[in-house]
Amino acid sequence: MNDRIHDRAPSGAPSTRWRPEVLAFIDAHRRDGHRCARLDPLGISRPADLGLLDPQRFGLQPGDWLSPAGTPLWSARTVADLDRTLKAVYCDGLALDASAVRDDARRDWLFREMEAAPPTPGGAAQRLALLELLVRAQAWEAHVAQAFPHAKRFSLEGNETLIPLLHALCDEAAGSGVRRIFLGMPHRGRVNVLVNLMGLAPARVLDYFDPKSPTPELHTDLVYHLGGERELTTPHGPLSLTLAHNPSHLQSVHPVLTGMARACQDALDRAPGAQADAGRREVLALMLHGDAAFAGQGVVMETLMLGGKPGYGVGGTVHVIINNQVGFTEPNPMSAWPAQYCTDVTRMVDAPVLRVNADEPEQALRAAAIAIAWRARFGSDIVIDLIGYRRLGHSESDVPALTRPHIHAITQAHPTVVDRYAAALKADGVTPPDADMASHLTHARVRAHQAFADPSLPDEAETPHALRRPGEAPPLDAAGLRVLVDAMTRLPEDFEPHAMVRTLTDHWRRMAGIAESPLPLDWCFAENLAVATILRGGMNVRISGMDVRRGTFLHRQAVWTSQRSGSSDAPAEFVPLRQIPPGGGRFDIYNSPLSEEAVLGFEYGYSVGAARTLTVWEAQFGDFVNGAQVFVDQYISSGEEKWGDASSLTVLLPHGNEGIGPDHSSGYLSRFLQLCGEDNLRVCCPSTAAQWFHLLRRQAFDTLRKPLIVMSPKGTLYVEKASHGTVEELTGGAFKTVIDDARVELPRQVERLLLCSGKVHYDLERGRRSVARADLALARIEQFYPFPADALIALFARYPALVEITWVQEEHRQQGAWAFMREQLEEILPAHCKLRCVARRPNASGATSSHAIHQLEQVELVARALGEA
């Protein structure tokens, strides 16, 4: 069938060029065949006008020859023959929608794949094996329904072909050189996949449904949220499968999955002796979606967009839509006329779509082969839209006849894919070796039920613990600091730095003691030096977020751009942290697209997969984390307790009232503190450059991997001279959870203690100096969680005359740490000591957008804290 239809005849030979009408007829099938294909198993979706591909519309008659010489095309000599062939290729149970593919060469490749002689159905053994997979998929649903009729399992019935499709994708991927697949999916069919692909023991799955389970303490999440790992045997060798855990926020796992895959790819690419592009070739992201959520949730679009950006691509994701044409109770049918599909969002990444009738499993296997070949060849996304139906309701407790009586009646009368495929095999003369087809089906179902009823359980692994990493941060002396800074500030020849960068290099060399006229160590220097020491210690560092290469507040300056233009030999960029002496870790920093949700989800997934990488995501302003709240609540704060997924993701949220409005002032500290429990997070607010240095190093080399949430500085604190440090504070210190008042000379005279965090400390310090109060001490909380109770008890003991402890925050009363601090402090408050709070009054919107009003509020806040108002 793979004729080259646009070739001319050899010179001197009779012309065999196809008639223009014939070529237009073929192109129309390539373009619109999917709109006329028989894809809906129930036959209820609105098709396109069948006259769209009628030969007579192109001026062709059934008996016409295809070429003047009568040369056959795809074994067809007449228009009628060609019509039948094209309908079989483009309008059958597998259809190609290449309308989003703008590259002509890629489209032509797809047409060749579709028009190549389709592989004949496998031998009897292969086709019976396919039937066996369908039987197991169907039998599992029946088995659970019989054992626990009221259990929510989010049945796969109506789309059972998913199971052989996934097996085929695994086999094809292994054949193309893939050695590991990261799989993500929402809850529809997930329990079936856990058993019939991931190999989870049926008894373990059924235990989650059992209200009388003997081990309820093992049920850390709902069974249809769980993931797992398996070493799958394929005809091409072993294949590692990882099914990512996923909460009920449907598509949220999409960026998490891609982050996990990218972490694995990066590790392979950096391995000694690795071949070029080994990660992309050996690691595949396979993402399953529900049709309604795929079309309806914005995180899908964000994640698709990420795949084309530096630092986020995974070499193409294979997407599978479990399309039952309904979302909850709202119909979501595809429409070929006008053309509207749940996959339309993928047009933004030029992804082709292979639409498959879920009642035709052999066509699904062919789609799997094309999809894997596409991804291997082009390294870009492709979609398999598996179009089926939902035999039951949204869940098994639903009453579908209540909202969709007509469609429900059709689904109940519709033969199952097992019965249809068995009948097709029988019609083709495929005879089971042991019995007739009916008996073979009966025996297969009995075998499946017996396997699912096996009560044996595998030996329980220990409760997952956080992965261990090097415990002690490597020591740093002044000489080592100078070596690092010297390497970072030696610019290559022909590199012309901006004047600000030239000043920066001069300041760094003075801060390190390399050049004369030493300077205090600022935040930019402290961060870059902390990362340098982490890299030298063998850890990788990855930073992403909006404008992180420079830093929103010009606070990082991690990438320097040459001001010289027109010279192809001169380097365009210089990355100081990639100049560290060889043998250490790798430094990567990426400006993300203008997205919080997908990017934070990606970085969480990356951090789970990259145990030896300090993964950092920085919001442009702390408030912007609002756009990614699902990942904060459902993954970062709870993923380890629910699923055993340890993460050391570091989240930087620039925080602080500076009179620039409610959208640029708050990292919502109160929300994060509400999420703290069971030692799940680290929540800190460093107030000095040295503390920032030590906090980053502690996070990188900590023996327990925990997410770190930082209320990081904004413009004001970065330029606060009193927050800058010395070389000795970096080389000889460590992160302090609480900082005492170094200015107090007579602790026994102190009756009032002010506790605060962040930049308000410096306003309070200036205010205290102006009133010269000897009975007042000022201390800082640098770590909110885990709560530093022992450090605070020791602090209180230093001031035996205390009668009042005041928590001071510049946030509004309901938005800062007060509620959390009050609960914690009341447990350790010294006897006869009163606890009070000074904060801005509660309001609805947050910080003022007037700098003048902010200044007045700040003066009034400090006066009240000092007792002067």
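The values are calculated or read from the model by the stated rules, or taken from the named source; none is laboratory data. Since this is a predicted model, take the numbers as computed values, not measurements. All Cβ positions, glycine included, derive from the backbone under ideal geometry; neighbour counts span all protein chains shown. Note: areas computed on protein heavy atoms with side chains; ligands, DNA, RNA excluded. Shrake-Rupley method; radii C 1.70, N 1.55, O 1.52, S 1.80 Å.
When you go through L94, L166, L86, L162 one by one, which is the residue that is buried (at least 20 other Cβ atoms within 10 Å of the Cβ), out of contact with any strand residue (DSSP E or B) (no Cβ under 8 Å at 6 or more places or on another chain), touching a residue at least 12 places away in the same chain (Cβ under 8 Å) and among the aliphatic types (A, V, I, L, M)?
After ruling out the rest, the residue left standing is L86.
Give me the residue from the stretch 616-639 that is charged (D, E, K, R) and modelled with pLDDT of 95 or more and, out of that set, farthest from L535 (Cα to Cα).
D633
Residue-by-condition table, conditions (1) out of contact with any strand residue (DSSP E or B) (no Cβ under 9 Å at 6 or more places or on another chain); (2) modelled with pLDDT of 95 or more; (3) basic (K, R); (4) over 20 Å from C170 (Cα atoms):
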| position | (1), (2), (3), (4) |
| --- | --- |
| A271 | yes, no, no, yes |
| V283 | no, yes, no, no |
| A293 | no, no, no, yes |
| M305 | yes, yes, no, yes |
| Y312 | no, yes, no, yes |
| G316 | no, yes, no, no |
| I321 | no, yes, no, no |
| R355 | no, yes, yes, no |
| P361 | yes, yes, no, no |
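Here are T613, T650, T552: which of them is surrounded by 17 or more Cβ atoms within 10 Å (Cβ to Cβ), at pLDDT below 90 and not basic (K, R)?
T552 is the lone residue from the list that is surrounded by 17 or more Cβ atoms within 10 Å (Cβ to Cβ), at pLDDT below 90 and not basic (K, R).
What's the total number of residues in the stretch 797-819 that are assigned to a loop (DSSP other than H, G, I, E, B), farther than 18 Å from R752 by Cα and open to solvent by 20 Å² or more (accessible area, probe 1.4 Å)?
Of the residues in the stretch 797-819, 3 are assigned to a loop (DSSP other than H, G, I, E, B), farther than 18 Å from R752 by Cα and open to solvent by 20 Å² or more (accessible area, probe 1.4 Å).
For the stretch 789-828, name all the residues that are within 24 Å of M711 (Cβ to Cβ), of a type in the set (V, I, T) and touching a strand residue (DSSP E or B) at 6+ places or on another chain (Cβ under 9 Å).
Correct list: I805, T806, V808.
Output the number of the condition that E396 fails; it satisfies all remaining conditions of (1) at pLDDT 90 or above; (2) surrounded by 15 or more Cβ atoms within 10 Å (Cβ to Cβ).
It is condition (1) that E396 fails.
Do we have any residue at all in the stretch 108-124 that's basic (K, R), open to solvent by 40 Å² or more (accessible area, probe 1.4 Å) and at pLDDT below 90?
Within the stretch 108-124, none of the residues are basic (K, R), open to solvent by 40 Å² or more (accessible area, probe 1.4 Å) and at pLDDT below 90.
How many residues does the stretch 829-869 contain that are open to solvent by 70 Å² or more (accessible area, probe 1.4 Å), in contact with a strand residue (DSSP E or B) (Cβ under 6 Å, 6 or more places away or on another chain) and assigned to a loop (DSSP other than H, G, I, E, B)?
1
In the stretch 534-549, how many are at positive phi, surrounded by fewer than 23 Cβ atoms within 10 Å (Cβ to Cβ) and within 25 Å of the chain's Cα centre (by Cα)?
Selection size over the stretch 534-549: 1.
When you scan the stretch 49-60, do you find a residue that is over 48 Å from the mean Cα position of the chain (by Cα), farther than 30 Å from I382 by Cα, at pLDDT 90 or above and assigned to a loop (DSSP other than H, G, I, E, B), even just one?
yes
In the set S592, S517, S562, which member is in contact (Cβ under 8 Å) with a residue 60 or more places away in the chain, over 26 Å from E658 (Cα atoms) and open to solvent by 10 Å² or more (accessible area, probe 1.4 Å)?
S562
Helices (runs of 4 or more DSSP H) wholly in the stretch 345-425 with at least 3 residues that are closer than 21 Å to D108 by Cα and in contact (Cβ under 8 Å) with a residue 12 or more places away in the chain - which ones?
Hits in the stretch 345-425: 361-378.
Is one or more of the residues making up the stretch 367-390 over 30 Å from A174 (Cβ atoms), in contact with a strand residue (DSSP E or B) (Cβ under 7 Å, 6 or more places away or on another chain), at pLDDT 85 or above and open to solvent by less than 40 Å² (accessible area, probe 1.4 Å)?
Within the stretch 367-390 (the criterion being over 30 Å from A174 (Cβ atoms), in contact with a strand residue (DSSP E or B) (Cβ under 7 Å, 6 or more places away or on another chain), at pLDDT 85 or above and open to solvent by less than 40 Å² (accessible area, probe 1.4 Å)), the answer is yes, since at least one residue qualifies.
Search the stretch 617-629 for residues that are in contact (Cβ under 8 Å) with a residue 12 or more places away in the chain and pair each with any residue that is in a helix (DSSP H, G or I) and buried (at least 21 other Cβ atoms within 10 Å of the Cβ) when their beta-carbon atoms are under 6 Å apart and the residues are at least 6 apart or on different chains.
Within 6 Å, the pairs are W617/L600; W617/E603; A619/V625; G627/E597; A628/E597; A628/L600.
Check off (1) open to solvent by 20 Å² or more (accessible area, probe 1.4 Å); (2) at pLDDT below 95 for G656 and give me the number that stays unchecked.
Of everything listed in (1) open to solvent by 20 Å² or more (accessible area, probe 1.4 Å); (2) at pLDDT below 95, G656 misses just condition (1).
Quick check on the stretch 681-694: of everything there that is open to solvent by less than 20 Å² (accessible area, probe 1.4 Å) and part of a loop (DSSP other than H, G, I, E, B), which residue is nearest to S607 (Cα to Cα)?
L681
Which residue pairs have Cβ atoms under 7 Å apart, sit 6 or more places apart or on different chains, and have a first residue in the stretch 24-39 that is closer than 17 Å to A364 by Cα and touching a residue at least 60 places away in the same chain (Cβ under 8 Å) and a second that is open to solvent by less than 10 Å² (accessible area, probe 1.4 Å) and among the basic types (K, R)?
H34/R355; A37/R355; L39/R355
Return the residue satisfying two criteria in turn: it lies in the stretch 426-462 and is hydrophobic (A, V, I, L, M, F, W, C), free of Cβ contacts under 8 Å to residues at least 40 places away in the same chain and farther than 23 Å from A147 by Cα, and of such residues it is surrounded by the most Cβ atoms within 10 Å (Cβ to Cβ).
Filtering first and then ranking leaves M437.
May I ask you to verify whether T416 is closer than 22 Å to I44 by Cα and in contact with a Phe, Trp or Tyr (Cβ under 6 Å, 6 or more places away or on another chain)?
No: the conditions fail for T416.
Look at the stretch 70-98 and say how many of its residues are under 39 Å from the mean Cα position of the chain (by Cα) and assigned to a strand (DSSP E or B).
4
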